[in-house]
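The block underneath contains the structure these notes are about, expressed in structure tokens.
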Amino acid sequence: MTAIFSIAASVAQFSDTILIFSCAESRQGVAAQLLLEPAKNEIQPSAAVGKCRHNRHMIEIRNCGPGDYSAVVEIYNHYIESSHATFDLHPFSVGQRVHWFSQFGESGPHQLLIADVDGTVAGYGCSTRLKERAAYDISVETTVYLRTDFAGIGIGTAIYVELLKRLSREGIHSVFAAIALPNDASVRLHESLGYELCGTFREVGRKFDRHIDVSWYQKILSAN
């Protein structure tokens, strides 16, 4: 079974495009894919999928592998150096992130997914342990980072949709996201996916010579 929906999009590399998201069964399980198609007025998702194959950009949401590590670290380092979205202060080498990568599996509560756009890692999202104590294991922290040239066209949403679906199948009860403020785009993304504001820690971090507030958002995945 294939589920398809469209998201209006516009970006330098893919100007005047419609983003098509689909989930299809594969030998490895559920493979999530996006199709970037030339946009036309009132195109229906079912009609758009079959059009303009030579202009189609295939985007696959899949598990991160060792061959993706360098690209993932490069994306993260950009935010370390230029944004308060992460509280890390110094860029990492791939070698310094090996331990971080080792926490993820192709299944289970801790997963690292990437958006592969025609062979380019456009972004990634992951779920990590919320707290060390065992009773917290029903919950995880989630986050997503995108290459800036792929922001604003729905790729972050697509990563999250696939990640949340997988976490629900794994029996995760609750997911959390920490958003350093201000970050209107991240707030909109999480609220659109059903995350709700729990509360805000005031001036909990300091970066770029200023104190930063962090809001925590939560989404309940199951009633059990």
* **Unique residue being crowded, with 17+ Cβ neighbours inside 10 Å and within 23 Å of SER215 (Cα to Cα) when the list is LEU89, LEU167** => LEU167
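Yes/no per residue for (1) in contact (Cβ under 8 Å) with a residue 24 or more places away in the chain; (2) within 20 Å of ARG147 (Cα to Cα); (3) surrounded by 11 or more Cβ atoms within 10 Å (Cβ to Cβ):
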| site | (1), (2), (3) |
| --- | --- |
| ASN63 | yes, yes, yes |
| ILE75 | yes, yes, yes |
| SER93 | no, yes, no |
| ARG97 | yes, yes, yes |
| GLY105 | no, no, yes |
| GLN111 | yes, yes, yes |
| ALA115 | yes, yes, yes |
| ALA134 | no, no, no |
* **Matching option when the condition is closer than 20 Å to ASP88 by Cβ, part of a helix (DSSP H, G or I) and modelled with pLDDT of 95 or more, among SER186, SER215, SER168** => SER186
* Among the residues of region 199-212, write down those that are exposed (fewer than 12 other Cβ atoms within 10 Å of the Cβ) and either of a type in the set (Asp, Glu) or part of a strand (DSSP E or B) (or both). => GLY199, ARG202, GLU203, ASP209, ARG210, HIS211
* Asked: Out of region 198-215, which residues are under 16 Å from PHE176 (Cα atoms) and of a type in the set (A, V, I, L, M)?
  -> VAL214
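The values are calculated or read from the model by the stated rules, or taken from the named source; none is laboratory data. All of these numbers come straight from a predicted model, not from anything done at the bench. Here Cβ is always computed from backbone atoms with ideal geometry, including for glycine, and neighbour counts include all displayed protein chains.
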